[in-house]
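Following: one structure in structure tokens, then a few remarks.
The values are calculated or read from the model by the stated rules, or taken from the named source; none is laboratory data. The structure presented is a predicted model; accordingly, all values stated were derived computationally and were not measured. With ideal geometry, Cβ positions are generated from the backbone for all residues, glycine too; neighbour counts draw on all protein chains shown.
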Amino acid sequence: MSKSILITGGAGFIGSHVVRLFVNKYPNYTIVNLDALTYAGNLENLKDIDQQPNYKFEKANILDADVLDQIFTKHGITDVIHLAAESHVDRSISNPLEFVQTNVIGTVNLLNTAKKHWKADYTKHRFHHVSTDEVYGTLGDTGFFTESTPYDPNSPYSASKAASDHFVRAYGETYGLGYVITNCSNNYGPNHFPEKLIPLFINNIIHKKSLPVYGKGENTRDWLFVVDHARGIDTVFHTGKNHESYNIGGFNEWKNLDLVKLLCKQMDEKLGRAPGESEQLITYVKDRPGHDLRYAIDATKINKELGWSPSVTFEEGLSLTIDWYLNNTEWLNNVTSGSYQAYYEQQYVNR
Ligand code: NAD
Ligand code: TYD
């Protein structure tokens, strides 16, 4: 069946990989990328597919309900894959309200628009909400997050994502809106804005700048290659059960310090530097307030019920990622000019 899918946040990191996958894989679908192009949104991410006949772009803000209404009418939107969000924990600590606005109010605006346009028959439409494992809070040394782990968010970012997940579920229960939610672990890969750990450290290693590890580097994250997340979203969007949530992750836990050491090793090899050279850039800085100790996803449900599993190992994915950054220095230079410098100073100087 032909669909007209609104993908929000499609100019961002994960959104651009989802847009690319859907545009290429489903020529019969119309893919409408709606993005406000904040600091994190970049149309350069999509220059390889933006001339495809089934791709459309709308510069719009999910806080503008009237514009959402017009876009649904103009493109006859049948389904939504919602990724637009403020996504960086450190920024949420400095400016929580912005996260409430985009992540909570923006999501409710989209839900209202979908509800209005699809009310004739909710069973024909799907609202796929893209969320994070951070809604579950933090783990100790053992255990995993499953789909039934109670929500227990600790940062303003994860609290705002948790609230948005609850609203999606509430619109399903109260009005019958068809939805699925995916909660994914930390992503890495090409086009990742260099404020998050992996792309920030790749950029700093290239420029021989210090690598600011928070606390003792003992916090653990579960990393998934972004293309595998996009494949997981495709799987759940098409075959996930209505009104259910699915965890997406690769059973791939790394302590921050171990990850940074692997990154340094791979980059020294690729840059022809002496073994151990980049590790000397590691500096321990003041910890993030409320820093979650450990995230680990149990991805059994999506694997057993829908047959999804990751396609690359972490070592392969990390190597592909480093190669992408080394081959796309213009992209990196463009996104780190301008306001990025002010952000960096505020975040890291005198930390
Ligand atoms: P990102 O910050 O790279 O991109 C967000 C995109 O949303 C940008 O293109 C930005 O311009 C757009 N946007 C922001 N505010 C908007 C608004 N008000 N209206 C319209 N567009 C707006 O984020 P990302 O890392 O690609 O994350 C995408 C989604 O996936 C988010 O919902 C995030 O919570 C979720 N997620 C991210 C990760 C991760 O590791 N990055 C993991 C799990 C889930
Ligand atoms: P990040 O990429 O911001 O993702 P999240 O906080 O959503 O998991 O951070 C990943 C881990 O790396 C997290 O434990 C915080 C840590 N970190 C640093 O040690 N230094 C940094 O400069 C950044 C950005 C993160």
Which one is farthest from ligand 1 (Cβ to nearest atom), of the residues in region 163-204 that are of a type outside the set (Phe, Trp, Tyr) and closer than 17 Å to VAL349 by Cα?
ASN204
Considering only residues that are more than 14 Å from THR78 (Cβ to Cβ) and not aliphatic (A, V, I, L, M), which ones fall in region 98-114?
GLU98, PHE99, GLN101, THR102, ASN103, GLY106, THR107, ASN109, ASN112
ASN109 vs (1) out of contact with any helix residue (DSSP H, G or I) (no Cβ under 7 Å at 6 or more places or on another chain); (2) more than 16 Å from ligand 2 (Cβ to nearest atom): all pass except (1)
Do we find that ALA170 is away from ligand 2 (no atom under 16 Å from the Cβ), modelled with pLDDT of 95 or more and either assigned to a helix (DSSP H, G or I) or of a type in the set (Phe, Trp, Tyr) (or both) in this structure?
yes
Filter region 282-317 for residues that are part of a loop (DSSP other than H, G, I, E, B) and under 12 Å from GLY215 (Cα atoms) and give the result.
LYS286, ASP287, ARG288, PRO289, GLY290, HIS291, ASP292, LEU293
So which residues in region 176-201 are under 13 Å from the mean Cα position of the chain (by Cα), in a strand (DSSP E or B) and more than 10 Å from ligand 2 (Cβ to nearest atom)?
THR182, ASN183, CYS184
Looking at (1) touching a strand residue (DSSP E or B) at 6+ places or on another chain (Cβ under 9 Å); (2) at positive phi; (3) not basic (Lys, Arg), which is the only condition THR182 fails?
(2)
With criteria (1) without any contact (Cβ under 8 Å) to a residue 40 or more places away in the chain; (2) buried (at least 24 other Cβ atoms within 10 Å of the Cβ), ALA170 comes up short on (2)
Can you pull out the residues in region 205-226 that are in contact with a strand residue (DSSP E or B) (Cβ under 6 Å, 6 or more places away or on another chain) and either of a type in the set (S, T, N, Q) or within 16 Å of ligand 1 (Cβ to nearest atom) (or both)?
SER210, THR220, ARG221, ASP222, TRP223, LEU224, VAL226
Neighbours by Cβ (under 8 Å, 6+ apart or cross-chain): first from region 305-322, surrounded by fewer than 14 Cβ atoms within 10 Å (Cβ to Cβ); second among the basic types (Lys, Arg)
SER311/ARG231
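Taking the condition of being within 16 Å of ligand 2 (Cβ to nearest atom) and assigned to a helix (DSSP H, G or I), how many residues in region 120-140 meet it?
First pass over region 120-140, keeping only residues within 16 Å of ligand 2 (Cβ to nearest atom): 130-140.
If we keep only those that are assigned to a helix (DSSP H, G or I) as well, we get 133-136.
Summing the residues that are within 16 Å of ligand 2 (Cβ to nearest atom) and assigned to a helix (DSSP H, G or I) in region 120-140 gives 4.
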